[in-house]
Amino acid sequence: MTKAVKEISLGDVGARAADYDEELLGDKVSLSMGPSHPATHGVLRLQLELDGDIVTKCMPVIGYLHRGDEKIAENMTYNQFVPYTDRLDYLAPLANNVAYAIAVERLANLKIPPRCEAIRVICCELARISSHLLGLGVYAMDTGALTVFMYTFTQREKLYSLFEELTGARFTTSYTRIGGVARDVPEGWLGRVNQFVNSLLPVVDEIDTLLTRNKIFLERTEGIAAISREDAIAYGLTGPNLRASGVDVDLRKDTPYSGYEQYDFEVPIGTHGDCYDRYLVRMEELRQSTRIVRQAIDKMPEGPFYAEDAKKIFAPRKDKILTSMEELIQNFMIVTEGPQMPAGEVYFEAENPKGALGFFIVSKGGGVPYRLKIRAPSFCSLCILDKIAPGHLMSDIPVILGSLDFVMGECDR
């Protein structure tokens, strides 16, 4: 009896069950965690099977936030779908806009001016900073460190003020357009962004001091839910979750877009692929994003913020609409029929904060896509839960979910 108790507490969950008589084993408990539970970071339900406090099965159940974005895209023009991309990863709407716009621009074989590309890079990296600040703040709170949440959200509020100044909105920005951006940066805005990223680095160092060598945080995260290099690739993980497992893949480096090849930055890579490594990778990405933003501000070129030759794609400026009949007609056609695209298909994916966000577009010509498919990184991040959660304690589940840093808006689409 003593031997059985000892092996049950220390042995592997799957292997030990067959070694003992049925009367020595308790019944397994089936437990639904979510979809209304703070630890699930959204309307996610986990169907858990528990042997005492140990998880033996973990099946993610999605669909509680499904809005049919892909089908909606087939019934509206390319321009009209831009606000819907805000609602995918709603923690990084500026980056979603850019990924979608580049996909459509490649379908139209449209060249974007350098100033527009630099503005987009700044937007994407600020979106990465904003997303990681929230992700790290709530992740720390999942492990019991409440102070970090206050630090990260204070900085995030400063970012939202900058977003509002640039786009007119704090959350769902809808700033990017097919062929450019909605408007040029306001006067003095780049200087204020530079001040923000300079003030952010001491805060990141403070968070580093609070968490990285914290004994409680280490015990909650080190060795928990380790994902091997092979499993990360097999399950289609991308972004920080993939790089934490030691896979050196970053689309900004490997297949540069929007002029990323001009910027000097490093790609942080993990070694063990556990919850602790996923934290470290995101912390370093905050520093690297500030580095990219500084370079983009320093190198900001002059020129137009939209492709001036995209007359049937980018809506004319309002002053031209009010003074030119030709521009007025052009605006009417773009609004009613959409930007005219050639027949064909295109796939483009961008390095978003959560991973690779991809858009596959099939066009039969005209202003409305025939088919649009979204490749969401959070969906793949959730798929691996059934592999990594068994064998851990019930109390480890919030930590595992926080380390994966998913968002349900793009998972259900």
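The values are calculated or read from the model by the stated rules, or taken from the named source; none is laboratory data. Note that this is a predicted model, so its numbers are computed, not measured. Counting neighbours? That spans all protein chains shown, and the Cβs are built from the backbone with ideal geometry, glycine included.
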| Filter result for LEU159 (of a type outside the set (Ser, Thr, Tyr) and surrounded by 17 or more Cβ atoms within 10 Å (Cβ to Cβ)) | yes
| said: Given the options ILE329, ILE334, ILE321, name the one that is touching an Asp or Glu at 6+ places or on another chain (Cβ under 7 Å), among the aliphatic types (A, V, I, L, M) and more than 30 Å from ASP248 (Cβ to Cβ). | reply: ILE321
| Counting only residues that are in contact with a helix residue (DSSP H, G or I) (Cβ under 6 Å, 6 or more places away or on another chain) and β-branched (Val, Ile, Thr), how many does segment 87-109 have? | 1
| Criterion violated by ALA226 - all others in (1) exposed (fewer than 15 other Cβ atoms within 10 Å of the Cβ); (2) in a loop (DSSP other than H, G, I, E, B); (3) touching a residue at least 40 places away in the same chain (Cβ under 8 Å) satisfied | (1)
| field | Selection status of VAL185, outside any helix (DSSP H, G or I) and over 25 Å from HIS41 (Cα atoms) | value | yes
| Within the bounds of segment 100-122, is there any residue that is out of contact with any Lys or Arg (no Cβ under 9 Å at 6 or more places or on another chain) and free of Cβ contacts under 8 Å to residues at least 60 places away in the same chain? | no
| field | Residue that is farthest from LYS111 (Cα to Cα) [pool: residues in segment 241-259 that are of a type outside the set (S, T, N, Q) and surrounded by 22 or more Cβ atoms within 10 Å (Cβ to Cβ)] | value | ALA244
| remark: From the option list SER395, SER403, single residue qualifying as modelled with pLDDT of 90 or more, in a helix (DSSP H, G or I) and surrounded by fewer than 17 Cβ atoms within 10 Å (Cβ to Cβ) is SER395
| said: Pairs please, first residue from segment 314-333 and in the same structural domain as GLY367 (by TED's automatic domain parsing), second anywhere and of a type in the set (Gly, Ala, Ser), Cβ atoms under 7 Å, 6+ apart in sequence or on different chains. | reply: PHE314/GLY179; PHE314/GLY180; PHE314/ALA307; ASN331/ALA315
| request: For residues that are surrounded by fewer than 18 Cβ atoms within 10 Å (Cβ to Cβ), touching a Ser or Thr at 6+ places or on another chain (Cβ under 8 Å) and assigned to a strand (DSSP E or B), tally how many sit in segment 325-354. | output: 4
| said: Out of everything in segment 29-44 that is under 16 Å from ASP396 (Cα atoms) and assigned to a strand (DSSP E or B), what residue ends up being farthest from the chain's Cα centre (by Cα)? | reply: LEU31
| query | Inside segment 55-93, can you point out the residues that are aromatic (Phe, Trp, Tyr) and outside any helix (DSSP H, G or I)? | reply | TYR64, TYR78, PHE81, TYR90
| Enumeration of residues in segment 113-153 that are within 22 Å of ASP396 (Cβ to Cβ), not in a helix (DSSP H, G or I) and not small (Gly, Ala, Ser) | THR143
